[in-house]
Structure formats: structure tokens, C-alpha cells
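The values are calculated or read from the model by the stated rules, or taken from the named source; none is laboratory data. This is a predicted model, so every value here is computed, not measured. With ideal geometry, Cβ positions are generated from the backbone for all residues, glycine too; neighbour counts draw on all protein chains shown. Just so you know, the surface numbers come from the protein's heavy atoms only, side chains and all, with ligands and any DNA or RNA stripped out. Shrake-Rupley method; radii C 1.70, N 1.55, O 1.52, S 1.80 Å.
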Amino acid sequence: GAPAGQPLFARLLGDAAFARLPAALRALHGGHGTRTLHGEVEVVRARGPFAACVAWLTRLPPSLRGAIAVTIESVADGETWRRDFAGHRMVSRLSDRDAHLHERIGPARLVFALDPRTDGMDWHVVGARAFGVPVPARWFAGVHARESQDAEGRYRFDAGLAFGGWTLIRYRGWLDART
């Protein structure tokens, strides 16, 4: 089993793979307790009734460019991420089960396989539920999440959700995870 108190991502990846991540990713994912990180974000969200409905259910932010603050609360059984996109708040809960990362956001639960590399990490959807009902993971083939470190040593993120070539949302930016 994993050592008591080991951070979520270190449990999921294992010590050796976690140690090979860029310093900014280790700093962001290796913390304990509650911490708030600040940075900048650009969000592009689709328009229309379907996009509005999905955004409302999952609290996805509107299109914007500006400040972001992310408060990460790490406890023994996972993490709660509270994102503040220039005043718009979105909360998700991360946990590990069956060697995968589970993210619950509103009525959706996504299951990710993590692909760590020395230059960053990708998240790949391998399962999903909506309102507790399993949905085909292929519906989420257009979900992408990429973490990396920029030249200034900051944590960079680039995440998006697309269906059949139609992008519902994409957000990217950076957080200062340096201590």
C-alpha cells in the first residue's frame, strides 16, 4: 500500500515517476494541507443552449482572460480543487481508485489514466459517469489535459473538452507553484 500521508499524485504515479516530473508539477501536486496558488488564465467557451446547459451543470467558467486562483485542499482520501476564474468559481474533487485519478465535477465523474513524462503529464479519460450512470468513455475522447513547466518555472495547464470536433471549452494558463 501507499505510505500514510503520501500526496494523491505521488500515490497514483509511484515515487519514481513522481520524482521525474518537472519541479513545478511536483510542487503543485506534492503539497499537504490547504494552499492557494495564483496565476493567469484564458478561457474560451462555446455558445449555444447545449454549451450553456453543460456549463451550468458543471460550473464551467465563461470565456475570459484574467486572474485565476486555485485553492487545493489535500486530505488523506484526495483533494478538493476550488478554482476562482476572475470571480467565477468551479469546484472539483479528486481521488484515486483502481490506480486511476477520479475527478467529480457537478453531476459528472471522469476517470483518468495519467501519463507522466520528464517534460510534463497528460491526463487521458478512460471512464465517465453522468448523474451516476456510466457513459461511453469514447464520448470524452475530445477531453485533453496537459500539465507542464514553463521557462519561468511556473506550472502550466492546458485543458479542453470537445465532442465530435466541437470544442465546448478550453482553458489554459499558469499558476505560480514555486515555494
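A few notes on this one:
- If you check 47, 89 for being basic (Lys, Arg), out of contact with any helix residue (DSSP H, G or I) (no Cβ under 7 Å at 6 or more places or on another chain) and free of Cβ contacts under 8 Å to residues at least 12 places away in the same chain, only one passes: 47.
- Test for residue 96: is it farther than 25 Å from residue 119 by Cα, acidic (Asp, Glu) and part of a strand (DSSP E or B): no
- Residue ID - most open to solvent (accessible area, probe 1.4 Å), chosen from residues in the stretch 121-179 that are within 18 Å of residue 55 (Cα to Cα), small (Gly, Ala, Ser) and assigned to a strand (DSSP E or B): 130
- Filter result for residue 11 (more than 18 Å from the chain's Cα centre (by Cα) and either within 16 Å of residue 90 (Cα to Cα) or charged (D, E, K, R) (or both)): no
- Scanning the stretch 109-116 for any residue that is assigned to a strand (DSSP E or B) and exposed (fewer than 14 other Cβ atoms within 10 Å of the Cβ) turns up at least one such residue.
- Residue check, residue 25 open to solvent by less than 20 Å² (accessible area, probe 1.4 Å) and either farther than 28 Å from residue 151 by Cα or assigned to a helix (DSSP H, G or I) (or both): yes
- Enumeration of residues in the stretch 61-78 that are without any contact (Cβ under 8 Å) to a residue 24 or more places away in the chain and either among the aromatic types (Phe, Trp, Tyr) or in a loop (DSSP other than H, G, I, E, B) (or both): 63, 77
- Among residues of the stretch 44-79, those that are among the hydrophobic types (A, V, I, L, M, F, W, C), within 14 Å of the chain's Cα centre (by Cα) and closer than 17 Å to residue 163 by Cα, counted: 1
- Assessment of the stretch 62-69 against the conditions (hydroxyl-bearing (Ser, Thr, Tyr), within 30 Å of residue 11 (Cα to Cα) and open to solvent by 20 Å² or more (accessible area, probe 1.4 Å)) yields no matching residue.
- The residue pairs whose first member lies in the stretch 153-164 and is over 19 Å from residue 46 (Cα atoms), whose second member is open to solvent by 20 Å² or more (accessible area, probe 1.4 Å) and modelled with pLDDT under 95, and whose beta carbons are closer than 7 Å, counting only pairs six or more residues apart or on different chains, are 153/178.
- Top-ranked residue of the stretch 1-22 - restricted to ones that are surrounded by fewer than 16 Cβ atoms within 10 Å (Cβ to Cβ) and outside any helix (DSSP H, G or I), ranked as modelled with the lowest pLDDT: 1
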